[in-house]
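Below: the structure, in structure tokens.
The values are calculated or read from the model by the stated rules, or taken from the named source; none is laboratory data. In this text the structure is predicted, and so the values were computed from the model without any measurement. Cβ placement follows ideal geometry from the backbone for every residue including glycine, while neighbour counts extend to all protein chains displayed.
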Amino acid sequence: MTIPVTIIGGYLGAGKTTLINRLLAERKPAGIAVMVNDFGAINIDAELLRESADGRIRSFANGCICCSIGEDFGAALDALRVESRSIERVLVEASGVATPANLKRQCRAPGFHPHGCVVVVDAEYHGRKLQDKYVGALLEQQIREADWLYLNRTEHGINLVDALQPRLTLDELVHLDESLPGSAPAKETSQTTLAFASVSVRQHQTVEKRTLTRLLSELPDWIERAKGFVRTPDRTLLVQHSGGRFDIAPIDTKAEPVLVFIVPANFEIALRKTLKGWHSWCLDTP
């Protein structure tokens, strides 16, 4: 008996971590191991999932499972096999720049088999991102290679993605069984080559919430993703920025205060210039 590996993929900021937290809340973490991959030096998503997953976290950083850290992914599956008596399923939260076909190939490790890949689609910004000359091809490939699609934020843009199939509801995902609809193997396609860069900034002193809000509102549209933890004089805040929108919420965490920014590689120099203005409260600002 091999252990099924279900991949939760989708572009940066689509809502993968939120979906996995909802799945764990419904299903409870017993029997489920969660592997988290993040593009950047700090794995923010692993921190956000750690409580829900009851400690069953294997996290990766500085790259994407499908390319630069494949050996680490295989080693992590080997480590999980030692716990196989208690593990019934593995969930892999993929980097937002990963592609399903490559990920599924790496799930064929001894003792495991690829169950399939659910790609989360941000219905609000999907149409606009598809037209983006830098990232549109990657989004199209993720959808083309998916086994199932989960549409997020449909209250904002369902008409733009109405033709996307096959879809799953949250109730169908909660069961995570082998009889999910549309379970044919994902179609492999030619690989889209796209480079991304990440820059992390760390705090050396607290920042007022109003200052943080102003700085986030001034970020340019070509910043694909920003996420992390920021300390104010009152408490720590979770920052999420994607698709030109941002959200700030209080969070109880012991994690290091750090923000990770992700952009297409050709914007890295521009990103570093943009972040120069944050030097008054950030340490190691580029």
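Structure notes:
- Unique residue being assigned to a loop (DSSP other than H, G, I, E, B) and without any contact (Cβ under 8 Å) to a residue 40 or more places away in the chain when the list is Ala79, Ala75, Ala109, Ala98: Ala109
- Strands (runs of 3 or more DSSP E) contained in region 228-286 and holding at least 1 residues more than 19 Å from the chain's Cα centre (by Cα) and of a type outside the set (A, V, I, L, M): 236-242, 245-250
- Candidate set from region 125-151 (those that are acidic (Asp, Glu) and surrounded by fewer than 20 Cβ atoms within 10 Å (Cβ to Cβ)); member that is nearest to Asn37 (Cα to Cα): Glu140
- Hey, Asp252 within 26 Å of Arg153 (Cα to Cα) and either touching a Gly at 6+ places or on another chain (Cβ under 6 Å) or modelled with pLDDT of 85 or more (or both) or not: yes
- Listed by first and then second residue, the pairs linking a residue in region 262-274 that is closer than 14 Å to Ala195 by Cβ to a residue that is among the small types (Gly, Ala, Ser), with Cβ atoms under 7 Å apart and 6 or more places separating them unless they lie on different chains, are Ile262/Gly40; Ile262/Ser198; Val263/Ala197; Ala265/Ala195; Ala265/Ala197; Glu268/Ala197.
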